[in-house]
Amino acid sequence: MALLPISIVLGVLCGLWFQITVWIPWLIAWVGFAAWASFFYAGGDNAGFKKSLSANVAGMLQGSVLFWLWVQYGSGSMILLSIVIGVLCFIMTFEGNISLLSAIPGQFVGASGFFGNLCAHDGAIWVTLLSTLACMVIGNLFGIVSVKITDLFPKKAEEESS
């Protein structure tokens, strides 16, 4: 039963987020959900918020720059795109040595969010960047809000003593 409060809060907020993306189709539900999950991976607290959002944005920006370079100079070569993706994955993982970017999966969420979101915006890089960034910020904010609301639920005596 320890998960009941967060389950209730997440159920309500996830439904709300999805409805927002129905009203504003420019926002993509799964990108926000992925950022939200990244928030919990990064610790689910204020420090996790900073790490998750920083990692999400870093992955998104690096992915978009390397994709743009491939579009400009790659001549559609899938072999070159495979190399570019390998380089991106190396960079994102290596940057885990930087404290603010140490939530490495968050960087992969950011890059994946950008690449996956490209289709929703017909390959328009700038529109995709703005949409992905908005979804990442909102997803992480919903993460921190879900924790803060859950903190308002009364704690059982046995949970408080452990």
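The values are calculated or read from the model by the stated rules, or taken from the named source; none is laboratory data. Just so it is clear, the structure is predicted and the values come from calculations on it, not from any experiment. No Cβ is skipped: glycine too gets one built from the backbone with ideal geometry, and neighbour counts run over all protein chains shown.
Some observations on this one:
- When the test is whether a residue is more than 18 Å from the chain's Cα centre (by Cα), crowded, with 19+ Cβ neighbours inside 10 Å, assigned to a helix (DSSP H, G or I) and touching a residue at least 60 places away in the same chain (Cβ under 8 Å), Val9 passes it.
- Selection over the stretch 49-80 of residues that are surrounded by 12 or more Cβ atoms within 10 Å (Cβ to Cβ) and more than 26 Å from Ile98 (Cβ to Cβ) gives a count of 4.
- So Val65, is it modelled with pLDDT under 95 and either under 30 Å from Ile149 (Cα atoms) or more than 19 Å from the chain's Cα centre (by Cα) (or both): no
- Search result, residues across the stretch 111-130 that are among the β-branched types (Val, Ile, Thr) and touching a Leu at 6+ places or on another chain (Cβ under 9 Å): Ile125, Thr128
- Among the residues of the stretch 31-48, those that are within 9 Å of the chain's Cα centre (by Cα) and surrounded by fewer than 22 Cβ atoms within 10 Å (Cβ to Cβ) comprise Phe33, Ala37.
- Top-ranked residue of the stretch 81-124 - restricted to ones that are of a type outside the set (A, V, I, L, M, F, W, C) and over 19 Å from Ala55 (Cα atoms), ranked as surrounded by the fewest Cβ atoms within 10 Å (Cβ to Cβ): Asp122
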